[in-house]
Amino acid sequence: DAPGFGYEPMARFDRARLRIKLMPLLLHREITVGTAVVEGLVLNLQENRHGVGNWEDLVANNESLAENTESGEQSEIDISGIEFLDATISYRDGASGAAYRLSELAIKMGRISGMEMLTIEGLTLEGILEGIAAEPSRLRVATTDIEIQTVQQVVALQTLELEVLGIEITADVEPFSYAEGIEPVAVIQIAAFSPRKVMAQFDVEPPNTADPGVLSHMSISAKAHVTTAAFELSGVTMELDDTTLTGKLSVPIDSSGTYRFDLVADTIDLNRYM
């Protein structure tokens, strides 16, 4: 690990397998690789109270290496796929004390090819997420295709599917830059779910209501913008039980932030909620 972050290794794994075809490398400077497999990866990511991450010295070394080699001829990459089996990734924020953990993690990537235009033919990630709710939750992320313009540092991906806390979300993400801060924009659809069940996962007692059937159905469609400060939704259409709300809202990333909303409801039977 980096100095000042303890003695636990930042990364380790049980077993890795990688096969490279020799002749394309020697004759054409083409890196052709079969499916690469890493088993039992354990990745411990930390930020100290000053916001310095234990991975930053590795990033600096990679940037230095890129500067030394960017004048040389670049080889095309062709990898049949990459799999991470039974991985564990943890993150701890030394300033806030927040800690998150992904366990029993399986990551599968399809064929990876190109150089200046790097293409990944499919990505799936499945595991158990801890730290956002009172109980662990299954997490699944999937997309069919990712394109990375390595010179312009721009990412474009097909429709993204996300499942967490039992909520299913699809997102059509606009191409975004990763040169500095990543602030993606996407049109999202959140399938119908029960707010009561979500409250229970966060150990929040649902309010007493005259009709115990309320707060059992919610679905959302909106345009989402993730910034460093907030998760902003515009063009919102939200169905809550028999009520439809439209407008915009903003949810802070940090617990010290402010919730903002401007929503209009068509009709609501308050007697059910009193």
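Worth a mention:
- Selection within region 230-263 - open to solvent by 60 Å² or more (accessible area, probe 1.4 Å) and closer than 17 Å to G213 by Cα: E239, D242
- Screening the candidates A133, A99, A156 for the property of being more than 25 Å from D254 (Cα to Cα) and open to solvent by less than 80 Å² (accessible area, probe 1.4 Å) yields one hit, A156.
- Residue within region 256-266 that is in contact with an Asp or Glu (Cβ under 9 Å, 6 or more places away or on another chain), of a type in the set (A, V, I, L, M) and over 20 Å from V185 (Cβ atoms) present: no
- Residues that are open to solvent by 40 Å² or more (accessible area, probe 1.4 Å) and either outside any strand (DSSP E or B) or at positive phi (or both), drawn from region 107-123: R111, M115, E116, E121
- Filter result (of a type outside the set (V, I, T), in contact (Cβ under 8 Å) with a residue 24 or more places away in the chain and in a strand (DSSP E or B)) within region 124-135: G127, L129, E130
- Taking each residue of region 221-240 that is farther than 12 Å from V187 by Cβ and looking for partners that are crowded, with 16+ Cβ neighbours inside 10 Å and basic (K, R) with beta-carbon atoms closer than 9 Å, six or more apart or interchain, yields E232/K223.
- Listed by first and then second residue, the pairs linking a residue in region 248-274 that is farther than 24 Å from K223 by Cα to a residue that is surrounded by 13 or more Cβ atoms within 10 Å (Cβ to Cβ), with Cβ atoms under 6 Å apart and 6 or more places separating them unless they lie on different chains, are I268/T243; R272/D211; R272/V214; Y273/T209; Y273/V214.
- Set side by side, the residues F176, F202 differ, and just one is crowded, with 16+ Cβ neighbours inside 10 Å and modelled with pLDDT under 95, which is F176.
- Test result for I182, closer than 30 Å to Q152 by Cβ and either open to solvent by 70 Å² or more (accessible area, probe 1.4 Å) or over 21 Å from the mean Cα position of the chain (by Cα) (or both): yes
- Region 136-153, subset within 20 Å of G81 (Cβ to Cβ) and in a loop (DSSP other than H, G, I, E, B), residue least open to solvent (accessible area, probe 1.4 Å): D145
- Each residue in region 1-32 was checked for being over 30 Å from G53 (Cβ atoms) and not in a strand (DSSP E or B), and 10 pass.
- Selection over region 157-206 of residues that are over 19 Å from R138 (Cα atoms), part of a strand (DSSP E or B) and of a type in the set (A, V, I, L, M, F, W, C) gives a count of 7.
- Answer from V264, V251 - the residue that is in a strand (DSSP E or B), over 28 Å from the mean Cα position of the chain (by Cα) and either hydrophobic (A, V, I, L, M, F, W, C) or closer than 27 Å to P175 by Cα (or both): V264
- So D266, is it in contact with a Gly (Cβ under 7 Å, 6 or more places away or on another chain), more than 23 Å from I132 (Cβ to Cβ) and surrounded by fewer than 12 Cβ atoms within 10 Å (Cβ to Cβ): no
Conditions tested, residue by residue: (1) closer than 26 Å to G127 by Cα; (2) open to solvent by 40 Å² or more (accessible area, probe 1.4 Å); (3) at pLDDT 95 or above; (4) assigned to a strand (DSSP E or B).
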{"residue": "V38", "(1), (2), (3), (4)": "yes, no, yes, yes"}
{"residue": "R49", "(1), (2), (3), (4)": "no, yes, no, no"}
{"residue": "N61", "(1), (2), (3), (4)": "no, yes, no, no"}
{"residue": "F84", "(1), (2), (3), (4)": "yes, yes, yes, yes"}
{"residue": "L105", "(1), (2), (3), (4)": "yes, no, yes, yes"}
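The values are calculated or read from the model by the stated rules, or taken from the named source; none is laboratory data. The shown structure was predicted, so the numbers you read here are calculated from the model rather than taken from an experiment. Every residue, glycine as well, gets a Cβ built from its backbone with ideal geometry; the counts of neighbours run over all protein chains shown. Remember, those area values only see protein heavy atoms, side chains included, never the ligands or the DNA or RNA. Shrake-Rupley method; radii C 1.70, N 1.55, O 1.52, S 1.80 Å.
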